[in-house]
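The block underneath contains the structure these notes are about, expressed in structure tokens.
The values are calculated or read from the model by the stated rules, or taken from the named source; none is laboratory data. Just so it is clear, the model here is predicted, and its values are computed rather than measured. Cβ atoms come from the backbone with ideal geometry, glycine included; neighbour counts cover every protein chain shown. Quick note on the areas: whole protein, heavy atoms, side chains included, nothing else; ligands and nucleic acids left out. Shrake-Rupley method; radii C 1.70, N 1.55, O 1.52, S 1.80 Å.
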Amino acid sequence: MAIYEYEVQEYFIVIAVLGWVLTFYLLLSRQPYDHVARKLISSHRLNHKAFLADDRDQGSDPKQDCGGFEDSSYHDPSRPVRKTRIERVEGLPEDHITWNEYFMSVAQLASKRSKDPSTKVGACIVNKQNKIVATGYNGMPNGVGDDQVPWRKEGEFLDTKYAYVVHAELNAILNCVLNDKAGCRLFVSLFPCNECAKSIIQSGIKHVIYLSDKHKERDSTKASKRLFTLAKVKHEQFRGRLLIN
């Protein structure tokens, strides 16, 4: 009986020693990884006192930048809306751009694909997570050659581009990878016409950011704004730097 009790005591002593050894090993093995992490943070001039509170753009005005992230629909309804924002990283380059500047520049880049000699328009659709889900530009329908129909602005209707061209906004909507575009934002280089406004409203897009409003005196533009107002589609002119002219 005494021998059995001695063996049990010896067993627990061995377990305790192994536990201490394992704890000591884990503490030592963690140090190199901490050292690497600190080195990476220092090399990128990051402020390691604060990290992400959420996955949005750091330090920017959500209303000007992301087009309405205050809407709680961006979050899981079962989770509270997080108001804490990320601290700006130290040494941020001066050429850093906002989300809106990025997306409008993408729309402007898409416009460079247009063959229209007078007006090149590009569009970019973005979802609530700031993911680009579609781009488009004004051009002829699929299968119609750019040299098979006229690009003129003047003349009889059938002899002008207006009878044939698909606008950038409609192309973006048709190209979109999402069936449900509810809550998406549309960045476009020219204010949409009334026909495109109808498609935008029907698609579920609720925010339009446009670059130019040069046709604001046209009835088609006035009709678009009236439709957007009635359908509660927010529309505002782009403010910021444009990377592509």
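Quick rundown of the values:
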| quantity | calculated |
| --- | --- |
| Subset of the range 189-245 (residues that are of a type in the set (Ser, Thr, Tyr) and either in contact with a strand residue (DSSP E or B) (Cβ under 7 Å, 6 or more places away or on another chain) or over 17 Å from residue 168 (Cα atoms) (or both)) | 189, 210, 212, 229 |
| Residue check, residue 224 open to solvent by 30 Å² or more (accessible area, probe 1.4 Å), farther than 16 Å from residue 110 by Cα and of a type in the set (Ser, Thr, Tyr) | no |
| Residue 197 vs. criteria at pLDDT 95 or above, surrounded by 15 or more Cβ atoms within 10 Å (Cβ to Cβ) and in contact with a Phe, Trp or Tyr (Cβ under 7 Å, 6 or more places away or on another chain) | yes |
| Complete set of residues in the range 176-194 that are modelled with pLDDT of 95 or more and among the aliphatic types (A, V, I, L, M) | 186, 188, 190 |
| First in the range 221-239 and at pLDDT 95 or above, second anywhere and crowded, with 17+ Cβ neighbours inside 10 Å and among the aromatic types (Phe, Trp, Tyr), Cβ under 7 Å, 6 or more apart | 221/191; 224/191; 235/210; 235/228; 237/210; 238/210 |
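Listed here are the residues, each with its yes/no results for (1) open to solvent by 60 Å² or more (accessible area, probe 1.4 Å); (2) under 21 Å from residue 225 (Cβ atoms).
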site	(1), (2)
121	no, yes
139	no, no
178	no, no
206	yes, yes
